[in-house]
Amino acid sequence: MGQDEPVTLAEACRLFFGGRLSPSALRTEAAKGRLTITQIARKDFVTRRAIEEMMVACRRPVKTESKTDSRTTAATAQEALRIKLANLGKAKR
């Protein structure tokens, strides 16, 4: 099968996703602007190339900050505020 050979959405689900996605899921991705669908005689078709482009568009960026890092940052900010408030209290005495 070539990169630009059209297949129905049902065939695409079976061929490219092993049946783990439905034609409805592919239509949802098309509605989000991530998949190009070609409609011929009221039937929807996609190509391998369009599916590969959708896969790239659907990738989520890797998170660089873990939950523990954000908690540590918040704790550090709180500690800095405590020190500042404590110093203000000492200055007024």
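Structure summary
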{"item": "By accessible area with a 1.4 Å probe, ligands and nucleic acids excluded, highest first: order of Glu52, Glu29", "result": "Glu52, Glu29"}
{"item": "Under-5 Å amide H pairs with Asp44, H placed in peptide plane, nonlocal only", "result": "Leu9"}
{"item": "Solvent exposure, largest accessible area first (probe 1.4 Å, DNA, RNA and ligands not counted), of Arg20, Arg49, Arg59, Arg34", "result": "Arg20, Arg59, Arg49, Arg34"}
{"item": "Over the range 1-69, relative contact order from alpha-carbon pairs under 8 Å, at least 6 apart, %", "result": "35"}
{"item": "By accessible area with a 1.4 Å probe, ligands and nucleic acids excluded, highest first: order of Ile83, Ile37", "result": "Ile83, Ile37"}
{"item": "Overall form of the range 1-40 per C-alpha gyration tensor (a/c, 1.5; a/b vs b/c)", "result": "oblate"}
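The values are calculated or read from the model by the stated rules, or taken from the named source; none is laboratory data. Since we're looking at a predicted model, the values are computed, not measured. Heads up: the accessible areas ignore ligands, DNA and RNA and are worked out on the full protein's heavy atoms, side chains in. Shrake-Rupley method; radii C 1.70, N 1.55, O 1.52, S 1.80 Å.
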